[in-house]
Amino acid sequence: MAITGAAELLAAWETGLGEAPVGRALLLHRTARPDVDTGRLPQLPVGEREADLFALRRALFGERMQVRLECAACGTDMEFDLDAGQLAGSLGGRSSASAPASGESVVRVQLDGWDVEFRLPGVADLQAAARAADPRAALLARCLVSAVHNGTAAAAGELPVPVQRRIAEAVEAADPGADLVIGVACPECGEATRAELDIASYLWTELDAWARDVLLDVHLLATAYGWSEPEILALSPTRRRYYLELCADV
Ligand SMILES: [Zn+2]
């Protein structure tokens, strides 16, 4: 993945400041996948998006991720390191470069005379389903491509539970990483805590801290040398750091 320039990242951050978490996640995904039309991004399978965001995170901030978690049993604050590379591996070993950008990924389930085709849910599907009275049924109806029972077309509401379960398994197998769960044992009480890692909000928090640091650098260098913001942002991080050290020494 090509590392996006500092100016583009700052622009994405500035836009995201006024957005809800959903909008921020989309901005990050757009940064991660400039090759895909923005309008199509919410339709990409959820697991593919998670893998894209992990790839962006590694490109921007490296392999080590610090995670804080509260023990579900005793409430102890746990802080530990995660390896973004290993996590990316657990996302089915699919790199964002080789992932299909079509977004039209369909799984097929055949069971008890049923023949069902189902589209892998994207973020747009999850959001729409979450607003419905019955999110499960809504998601099933949204992503059902076709359902035939003994040669007769059927609707999503007619799918028996075993078929629904088989669809869920097929989706999980085809799009791993849609739910990234980490498990940690508490050093105090030994109980294991499982938590979902929300890479979009994690990455946004990091980007926010990074952007505020960069703006401070721009302020210091502009004051010291009279350079413009684009000139300062065009410097490599190494040179920026070096000039900052020189300023501090004077
Ligand atoms: Zn504990």
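Return the residue satisfying two criteria in turn: it lies in region 43-56 and is part of a helix (DSSP H, G or I) and touching a strand residue (DSSP E or B) at 6+ places or on another chain (Cβ under 7 Å), and of such residues it is least open to solvent (accessible area, probe 1.4 Å). If you could, list the steps in order and put the result at the bottom.
Step one: filter region 43-56 for residues part of a helix (DSSP H, G or I), giving 43, 46-56.
Subset that is touching a strand residue (DSSP E or B) at 6+ places or on another chain (Cβ under 7 Å): 43, 46.
Values: Q43: 75, V46: 16 Å².
That would be V46.
Does G93 meet the test of being modelled with pLDDT under 90, away from the ligand (no atom under 16 Å from the Cβ) and out of contact with any helix residue (DSSP H, G or I) (no Cβ under 8 Å at 6 or more places or on another chain)?
Numbers: modelled with pLDDT under 90: yes; away from the ligand (no atom under 16 Å from the Cβ): yes; out of contact with any helix residue (DSSP H, G or I) (no Cβ under 8 Å at 6 or more places or on another chain): yes.
It is true that G93 is modelled with pLDDT under 90, away from the ligand (no atom under 16 Å from the Cβ) and out of contact with any helix residue (DSSP H, G or I) (no Cβ under 8 Å at 6 or more places or on another chain).
Going by the conditions given, is A11 part of a helix (DSSP H, G or I), over 16 Å from the mean Cα position of the chain (by Cα) and small (G, A, S)? Let's see the steps before the verdict.
Numbers: part of a helix (DSSP H, G or I): yes; over 16 Å from the mean Cα position of the chain (by Cα): yes; small (G, A, S): yes.
The answer is yes for A11.
Are any of the residues in region 213-229 of a type outside the set (D, E) and on the phi > 0 side of the Ramachandran plot? Walk me through it before giving the result.
So the first thing to find is which residues in region 213-229 are of a type outside the set (D, E), and the list is 214-216, 218-228.
Subset that is on the phi > 0 side of the Ramachandran plot: 226.
For region 213-229, residues of a type outside the set (D, E) and on the phi > 0 side of the Ramachandran plot: present.
Determine which member of the set D198, D208 is under 19 Å from R57 (Cβ atoms), surrounded by fewer than 19 Cβ atoms within 10 Å (Cβ to Cβ) and modelled with pLDDT under 95.
Values: D208 fails: modelled with pLDDT under 95.
Selected residue: D198, the only one of D198, D208 that is under 19 Å from R57 (Cβ atoms), surrounded by fewer than 19 Cβ atoms within 10 Å (Cβ to Cβ) and modelled with pLDDT under 95.
Is it the case that region 149-168 has a residue that's within 16 Å of the ligand (Cβ to nearest atom), closer than 30 Å to Q86 by Cα, among the charged types (D, E, K, R) and open to solvent by 30 Å² or more (accessible area, probe 1.4 Å)? Spell out how you get there, then give the answer.
Residues of region 149-168 that are within 16 Å of the ligand (Cβ to nearest atom), as a first pass: none.
No, that holds for no residue.
Give all pairs with beta carbons closer than 9 Å in which a residue from region 56-67 that is closer than 20 Å to R33 by Cβ meets a residue that is charged (D, E, K, R); count only pairs at least 6 apart in sequence or on separate chains.
Listed by first residue and then by second, the contacts come to L56/R33; R57/E206; L60/E206; F61/E206.
Check off (1) in a loop (DSSP other than H, G, I, E, B); (2) more than 28 Å from S228 (Cα to Cα) for R40 and give me the number that stays unchecked.
Among (1) in a loop (DSSP other than H, G, I, E, B); (2) more than 28 Å from S228 (Cα to Cα), the lone unmet condition for R40 is (1).
Among the numbered conditions (1) open to solvent by 20 Å² or more (accessible area, probe 1.4 Å); (2) within 15 Å of A124 (Cα to Cα), tell me where L17 comes up short.
Failing condition for L17: (2).
For region 124-225, give me every one of the strands (runs of 3 or more DSSP E) that falls completely inside it and has 1 or more residues that are in contact with a Gly (Cβ under 8 Å, 6 or more places away or on another chain) and either over 20 Å from S105 (Cβ atoms) or of a type in the set (S, T, N, Q) (or both).
On the way: elements: 144-149, 181-185, 192-196.
Filter on region 124-225 gives 144-149, 192-196.
For the subset of region 169-195 comprising residues that are open to solvent by less than 30 Å² (accessible area, probe 1.4 Å) and within 16 Å of the ligand (Cβ to nearest atom), which member is farthest from the chain's Cα centre (by Cα)?
C186
If you check V148, V116, which single one turns out to be β-branched (V, I, T), at pLDDT 95 or above and more than 21 Å from P176 (Cβ to Cβ)? Give the derivation first.
On the way: V116 fails: more than 21 Å from P176 (Cβ to Cβ).
Within the list V148, V116, the selection yields V148.
The values are calculated or read from the model by the stated rules, or taken from the named source; none is laboratory data. Everything numeric in this text was worked out from a predicted model, so none of it was measured. All Cβ positions, glycine included, derive from the backbone under ideal geometry; neighbour counts span all protein chains shown. SASA here: full protein model, heavy atoms, side chains in, ligands and nucleic acids out. Shrake-Rupley method; radii C 1.70, N 1.55, O 1.52, S 1.80 Å.
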